[in-house]
Amino acid sequence: MRTFRGVITALSRGRGKVLEKIAKKKGEGGSTDLFGCNVTVTNTGAREGTEVVQLYLRHDAASVTRPVRELKRFARVTLKPGDSRTVRFTLGAEDMAFYDLDLRRVVEPGTITLFAGGSSAAALEAHLTVNGETRVLAPAPPRVH
């Protein structure tokens, strides 16, 4: 019997926003935007317990079929009764990239939904919009005939 009840109470970036642009990192492939997202978990039970906070991502309209939810980050949190903790996850372009029909690793413009919770059935959701043109992170491999 599980007596610990972890409740994911918020998926936010602070000040009521979903994702926060926290850095612009220069690398070999140009600049990469990094985004932060906060998930707050509260122990509403009478005993100390542990919850695995999970962050999932879904591309709402990609050019190729994508999974309904992809696990991108997770963190194990142990809390005493009544305690809360905010877990911060950082996401970058590579987390939002996938292989297109030409086998290029790309980030496409469109809406991405983030889900947070203790399982893949996570109910808290937030939305991120990627603007601009399709960004190629890696070219297609050479074709061998």
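What FRET efficiency do you get for L34 and T65 if R0 is 25 Å and r is their Cβ-Cβ distance, rounded to the nearest 0.05?
On the way: r = 27 Å, r/R0 = 1.09.
Result of the calculation: an efficiency of 0.40.
When the Karplus curve 6.51 cos²θ - 1.76 cosθ + 1.60 is applied with θ = phi - 60°, which whole-Hz ³J(HN,Hα) does each residue of the stretch 48-54 get, with x for Gly and Pro?
The phi angles translate into 5, x, 10, 10, 9, 7, 10 Hz.
If each of S120 and T78 carries a label point 7 Å out from its Cα toward its Cβ, how far apart are those two points in nm?
For S120 paired with T78, the spin-label model returns 2.8 nm.
Could you tally the net charge around V53, taking each other residue with its Cβ under 13 Å from the Cβ of V53, Lys/Arg +1 and Asp/Glu -1? Write down the numbers at each step before the final one.
Working: positive: K72, R73, R76, R85, R88; negative: E51.
Here the count lands on +4.
Evaluate the distance, in nm, between pseudo-label points positioned 7 Å from the Cα of L101 and of H127 along their respective Cα→Cβ axes.
My value for the distance between the label points is 2.6 nm.
Suppose the chain between T113 and A46 were pulled fully straight at 0.36 nm per residue; how much longer would it get relative to their current alpha carbon spacing?
On the way: separation 67, 0.36 × 67 = 24.12 nm, distance 3.31 nm.
The T113-A46 span can extend by a further 20.8 nm.
Every number here is computed from the coordinates shown, using simple stated rules; none is lab data. As the structure is a computational prediction, the values presented were derived from the model and not from experiment. Positions of Cβ are backbone-derived with ideal geometry, glycine not excepted, and every protein chain shown enters the neighbour counts.
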